[in-house]
Each structure stands twice: as structure tokens, then as C-alpha cells.
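Encoded as C-alpha cells, the structure appears first; notes follow it.
Nothing in this text is a laboratory measurement; each read-out follows from the coordinates by a stated rule. It should be emphasised that the depicted structure is a prediction, and the values quoted were computed from it without experimental measurement. A quick note on method: Cβ atoms are made from the backbone with ideal geometry, for glycine too, and the neighbour counts reach across all protein chains shown.
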Amino acid sequence: MSSEVEAAWAALRSTGRVTLAGAPALWSTAMRWLILALLALVVLLAVGGLVAIPIVLVAGVEVTVATVAGVLGVYVMFAVMGALISVWYRQQKRYRAVESHPVVLEAGGITLRGVGPIPWRDFGAAQHRLVRSEHSSGYTRRAVMPLTRTGFVAVNQHLAPDLRGRISPATGPFWNRTHPHIYVPGVEGLDQGEVMWLINAAHQMFGGRQRR
């Protein structure tokens, strides 16, 4: 256990509250690099196509109407892909800005990404689970805190809709999108395992009080 975790844990035990600097979580950082890589790939393919066109013309290859239509179609596809990836990047950038909000652990619950305090009774211990991928129908491994029955109702029925996405991405069919868990936040200077340990230690310390 690092000295930063020990200091946070000592402060929590002595004062009943600790405030930590928020940071992008591991999954969020990986997603950002994936988006940038996809955008770079689209740009590379588009530039490569532009370079190939004069080479083909110089080589004397016959250019037909179908060829021109095909090339235009490809570049329309590149433009659409680039626009979609750009929108995706802007959304991720806004989310990363929210991740810089302080992470607060206290008797009343946890505050993360500007939401809280979320009572300890509303979620379980931090753990790794296979959850629905943020941008596909597949599954991916994420560090999450599963919502309890009361937490599920509080988040999906009572929390402001614009704040629910800060808890976790919505999953399920478009007519019944829900947030079944809380994504573990990032903390400046701590790795994911240390953040999970600290949250679970606080959960064990304060959770019992709330169930009395």
C-alpha cells in the first residue's frame, strides 16, 4: 500500500472524511487513446487515397463514371466516420473534465464526478465486472460499484437525467436505458487497485452505520 493511500486512510479514520483530487479513470484514459487512434486512422486512409489518385491517373488507368462515384462514396464515408468520431471525442472530453471533480469519502457516502454524497447503502463493494461496453453491444471488464435496489431507484428515478451519465454509461434497449452500477472514479496519485481498496475500506467502516 502506497504512502498516499495510507495517508488518506489515516485521515479518514481520524476525521471521518477525506477529500481526494479526481483524475481520469483507467478506462477513460484508454478510451481517449482509442478515439485518437481511430481518428488518426481515418485521416491516414483519406490522405492515402488522395495520394493514390494522381498516381493512378499518371499510370493511365481508365477512369469511368463508376470509378468516380466509388471514390466519392468512399470519401463521404470517411467524412461521416470522422464526424462521428469527433462527436465521440468531444463527449469523452467533457466527461474527462467532470472526472477532475474531487472524490470525497465521508460518513454520508461517496461524492464523485460532481454527484453525491451517494449513501453507502446504495451501492456494493468496488469490484471488477463484465459490463456492457460504452459504445458497442459487447461486454468489457470495468471497475464498478454495483447499485443496490435502493441505489438503482435513487439513480434511475430521482437523480437528474443529465447527472446519471456521470455515474456510469446507460445500458439496455433504447426504450429502457438504465444505470445499474457506479464506475469507480480515478484519483490523482493512486492506481485503480488503491482507489478500490480505499473505497471498500470506507464502505466497510461507514456502511454498517447506515444499515442500523
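Working out 0.36 nm times the residue gap between Arg90 and Tyr139, then minus their Cα-Cα distance, what length gain in nm do you get to one decimal? List each step's numbers first, then the result.
Working: separation 49, 0.36 × 49 = 17.64 nm, distance 2.31 nm.
My answer for the length gained is 15.3 nm.
Using the Cβ atoms and a cut-off under 11 Å, what net charge is assigned to the surroundings of Glu4, where Lys and Arg are +1 and Asp and Glu are -1? Could you put the intermediate results ahead of the total?
Working: positive: none; negative: Glu6, Glu188, Asp191, Glu194.
Summing Lys/Arg as +1 and Asp/Glu as -1 gives -4.
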What length, rounded to one decimal in nm, is gained on full extension from Ser2 through to Glu188, with 0.36 nm per residue of separation minus their alpha-carbon distance?
-> 65.7 nm
Label-point separation (nm) for Ser100 and Leu34, each offset 7 Å from Cα along Cα-to-Cβ?
-> 2.4 nm
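Below 8 Å between Cα atoms, with a sequence gap of 6+, how large is the relative contact order for the stretch 105-212 in percent? It would help to have the intermediate numbers written out before the result.
Working: 152 pairs, mean separation 31.0, N = 108.
Answer for the stretch 105-212 is 29 percent.
Can you pull a Stokes-Einstein diffusion coefficient for the stretch 129-170 at 4 °C (1.567 mPa s), Rh from Kirkwood over Cα pairs, as a whole number of µm²/s?
Values: Rh = 11.3 Å.
Rounded, D is 115 µm²/s.
Can you list the equivalent-ellipsoid semi-axes of the stretch 130-205, largest first and in whole Å, using the square root of 5 times each Cα gyration tensor eigenvalue? Provide the component values of the computation, followed by the final result.
On the way: eigenvalues 104, 52, 24 Å².
With the √(5λ) rule applied to the stretch 130-205, the semi-axes are 23, 16, 11 Å.
May I ask you to compute the full-extension gain from Asn176 to Ala125, defined as 0.36 nm times their residue separation minus their alpha-carbon distance, rounded to one decimal in nm?
Working: separation 51, 0.36 × 51 = 18.36 nm, distance 2.56 nm.
Gain in length upon complete extension: 15.8 nm.
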Loop-resident chymotrypsin sites (Phe, Trp or Tyr not before Pro) in the stretch 159-212 with no more than 16 other Cβ atoms inside 10 Å, DSSP not H/G/I/E/B, are Phe174, Trp175
